[in-house]
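Below you'll find the structure, written out as structure tokens, and then a few comments.
The values are calculated or read from the model by the stated rules, or taken from the named source; none is laboratory data. Everything numeric in this text was worked out from a predicted model, so none of it was measured. Note that each Cβ is placed from the backbone with ideal geometry, even for glycine, and that neighbours are counted across all protein chains shown. We work out accessible area using only protein heavy atoms, side chains counted, and drop any ligands, DNA or RNA first. Shrake-Rupley method; radii C 1.70, N 1.55, O 1.52, S 1.80 Å.
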Amino acid sequence: MKFVAKNVLMLSSLLVVSAVNADMLGSVDPSLGVDYYQTWTRGQSDWKKVFPRSYRGATAYVGARFCQNLGLELGYDMSTRTKKDWSLSGGSTFFNAAVPSTGLTGTTKVRRSGVHLDLLGFLPVADCFDLFASVGVGWVRNKIDVILSTASSSNQSSALASVFGKGRSVLRAGVGGSLMVNSMLGLRAKLGWESTSTLRVSGNDAFTSLGYRSKGWKDTTALSIGAFVKF
């Protein structure tokens with residue numbers, strides 16, 4: 001965690017310094033856009049049994065291009081509430097704790113949300129088409145609701161019903177391309193990555209006593225496509 005926090009701080013400083021320096025290079029070219037995205041985030045360890053793997057959502061962002069090759073983007077990300085129906089058979093284990101003989105079934109609903117600040121580098125390859133790469137920082141939280149379908153008074157059911165997500169800072173990177181349809185309207189596609197392995201889950205005393213892991217997810221990959229308007 002100290003390593004992640006140090007890199008987030010260093011990258012944040014880099015973004016601020018880059019923005020100040022870039023502002024001296026030319027006039028600001030602002031934009032406003034919306035992307036549709038599909039993300040893939042596998043749960044860590046036994047969390048993959050009860051957490052969804054893919055999420056659909058949208059990103060709204062404002063951008064500022066300071067010169068031909070450099071820009072900044074500030075955005076807000078929100079997914080739909082994604083659900084997964086699951087079943088743990090009686091006598092099996094979940095984080096080394098025995099599942100009740102009657103088994104456990106339920107539904108997990110997860111909604112992802114967050115904000116980000118990215119530094120973008122552009123490489124013009126034609127009059128109306130650019131390749132770009134981005135690096136940045138973000139804050140992500142997964143809102144978790146676990147609904148049990150089977151009645152049980154066991155520690156396992158109590159622990160699962162108490163699970164909630166905790167927001168954390170993440171690092172981000174991506175590559176993509178943008179196409180200007182006319183002088184104002186543009187389209188873009190992007191392949192991205194986020195260090196969501198830093199995200200944590202927590203719960204009640206039963207959650208702790210049964211040894212549930214706080215690391216809930218692996219890193220995220222995402223594919224997005226959208227449109228933007230330049231002003």
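Results, tabulated for the structure shown:
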read-out: Pairs with Cβ under 6 Å, 6+ apart, first in segment 90-105 and surrounded by fewer than 16 Cβ atoms within 10 Å (Cβ to Cβ), second among the acidic types (D, E); value: F95/D46
read-out: Of residues in segment 35-85 being of a type in the set (K, R) and in a strand (DSSP E or B), the one least open to solvent (accessible area, probe 1.4 Å); value: R65
read-out: Subset of segment 183-195 [open to solvent by 60 Å² or more (accessible area, probe 1.4 Å) and at pLDDT 95 or above]; value: M184, L185, L187, L191, W193
read-out: Some residue of segment 204-223 being among the small types (G, A, S), in contact with a Leu (Cβ under 6 Å, 6 or more places away or on another chain) and surrounded by fewer than 19 Cβ atoms within 10 Å (Cβ to Cβ); value: no
read-out: Positions within segment 198-231 being out of contact with any helix residue (DSSP H, G or I) (no Cβ under 9 Å at 6 or more places or on another chain) and touching a residue at least 60 places away in the same chain (Cβ under 8 Å), in sequence order; value: G211, T221, A222, L223, S224, I225, G226, A227, F228, V229, K230, F231
read-out: Matching option when the condition is within 30 Å of L32 (Cβ to Cβ), β-branched (V, I, T) and open to solvent by less than 50 Å² (accessible area, probe 1.4 Å), among V135, V125, V170; value: V170
read-out: Qualifying residues in segment 30-69 (those that are more than 12 Å from the chain's Cα centre (by Cα) and among the aromatic types (F, W, Y)) - the one farthest from R213 (Cα to Cα); value: F66
read-out: Residue satisfying all of: in segment 138-151; touching a residue at least 12 places away in the same chain (Cβ under 8 Å) and not in a strand (DSSP E or B); least open to solvent (accessible area, probe 1.4 Å) among these; value: T150
read-out: Verdict on L120 being assigned to a strand (DSSP E or B) and open to solvent by 50 Å² or more (accessible area, probe 1.4 Å); value: no
read-out: Evaluation of S113 against (1) open to solvent by less than 40 Å² (accessible area, probe 1.4 Å); (2) over 22 Å from G57 (Cα atoms); (3) free of Cβ contacts under 8 Å to residues at least 60 places away in the same chain (one fails), failing number; value: (2)
read-out: Odd one out for L123, checked against (1) closer than 30 Å to S101 by Cα; (2) modelled with pLDDT of 95 or more; value: (1)
read-out: Filtered residue count, segment 173-182, keeping only those that are open to solvent by less than 50 Å² (accessible area, probe 1.4 Å) and either out of contact with any Cys (no Cβ under 7 Å at 6 or more places or on another chain) or aromatic (F, W, Y) (or both); value: 5
read-out: Failed item in (1) modelled with pLDDT under 95; (2) within 21 Å of M78 (Cα to Cα), with T107 passing the rest; value: (1)
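So that you can scan it fast, the table gives a plain yes or no per residue for (1) more than 21 Å from P52 (Cβ to Cβ); (2) part of a loop (DSSP other than H, G, I, E, B); (3) at pLDDT below 95:
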{"position": "G114", "(1), (2), (3)": "no, no, no"}
{"position": "G136", "(1), (2), (3)": "yes, no, no"}
{"position": "S153", "(1), (2), (3)": "yes, yes, yes"}
{"position": "Q156", "(1), (2), (3)": "no, no, yes"}
{"position": "L171", "(1), (2), (3)": "yes, no, no"}
